[in-house]
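Asker: Here it is: the structure, laid out below.
The values are calculated or read from the model by the stated rules, or taken from the named source; none is laboratory data. Given the structure is predicted, the values throughout are model-derived calculations rather than measurements. Please note: Cβ atoms are built from the backbone with ideal geometry, for glycine as well, and neighbour counts cover all protein chains shown.
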């Protein structure tokens, strides 16, 4: 059975984007050799990417152009990887190697049918909440950016309406720029 892994960079005060959608400027504070290597590892041939509608549309917009403007392992991996978008309103999934599913039950089936592959969720805070409620998340990988957004605000990665969840630390690693990589799994 596949593992569903949440991967995000977030501010110390819990936001995965700034006050406006797609304000990812906090990424610049932690990007370096460690995150580049982790990104390449996570985009290996056995990876499936799982997105909510808004993240899918933004990623499609960015990475389909990035392949031409900044070709490399990461842009190539984002475009080549099989992608699944969960949406009840999206009419089609046009990005290379993409398909559309409508329900969390279809994600559960994907997890069962994907074998030993890893399924990564990038961004997609609402989808992450739905996956948490369905008890489908196997691991959380979070990079804490050394930044407090404070009064400028931002979008929280984890929703306050979700149930409390105890996690076990798998690994932690400081990285260049003052960030910290944290790997957690839900307590069994």
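Asker: Considering only strands (runs of 3 or more DSSP E) fully contained in region 1-98, which possess at least 2 residues that are surrounded by fewer than 19 Cβ atoms within 10 Å (Cβ to Cβ), free of Cβ contacts under 8 Å to residues at least 12 places away in the same chain and touching a strand residue (DSSP E or B) at 6+ places or on another chain (Cβ under 9 Å)? I'd like the intermediate steps shown before the answer.
Answerer: On the way: elements: 3-11, 15-17, 47-52, 83-86.
Once the strands (runs of 3 or more DSSP E) in region 1-98 are filtered for at least 2 residues that are surrounded by fewer than 19 Cβ atoms within 10 Å (Cβ to Cβ), free of Cβ contacts under 8 Å to residues at least 12 places away in the same chain and touching a strand residue (DSSP E or B) at 6+ places or on another chain (Cβ under 9 Å), nothing remains.
Asker: Give just the number: which of (1) more than 15 Å from residue 50 (Cα to Cα); (2) part of a helix (DSSP H, G or I) does residue 132 not satisfy?
Answerer: (1)
Asker: Would you point out the residue of region 116-163, among those that are under 17 Å from residue 42 (Cβ atoms) and over 14 Å from the mean Cα position of the chain (by Cα), that is surrounded by the most Cβ atoms within 10 Å (Cβ to Cβ)?
Answerer: Within region 116-163, the match that is surrounded by the most Cβ atoms within 10 Å (Cβ to Cβ) is 117.
Asker: Going residue by residue through region 104-116, is there one that turns out to be more than 18 Å from residue 17 (Cα to Cα), assigned to a loop (DSSP other than H, G, I, E, B) and at pLDDT 95 or above?
Answerer: Step one: list which residues in region 104-116 are more than 18 Å from residue 17 (Cα to Cα), which gives 104-116.
If we keep only those that are assigned to a loop (DSSP other than H, G, I, E, B) too, we end up with 114-116.
When the remaining residues are screened for being at pLDDT 95 or above, the result is none.
Scanning region 104-116 turns up no residue that is more than 18 Å from residue 17 (Cα to Cα), assigned to a loop (DSSP other than H, G, I, E, B) and at pLDDT 95 or above.
Asker: Ok, one more. Restricting attention to region 34-56, which residues are within 20 Å of residue 110 (Cβ to Cβ) and more than 14 Å from the chain's Cα centre (by Cα)?
Answerer: 44, 45, 46
Asker: Give me the residue from region 153-178 that is touching a helix residue (DSSP H, G or I) at 6+ places or on another chain (Cβ under 7 Å), in a loop (DSSP other than H, G, I, E, B) and touching a residue at least 60 places away in the same chain (Cβ under 8 Å) and, out of that set, nearest to residue 8 (Cα to Cα).
Answerer: Looking at the filtered set, the residue picked out is 157.
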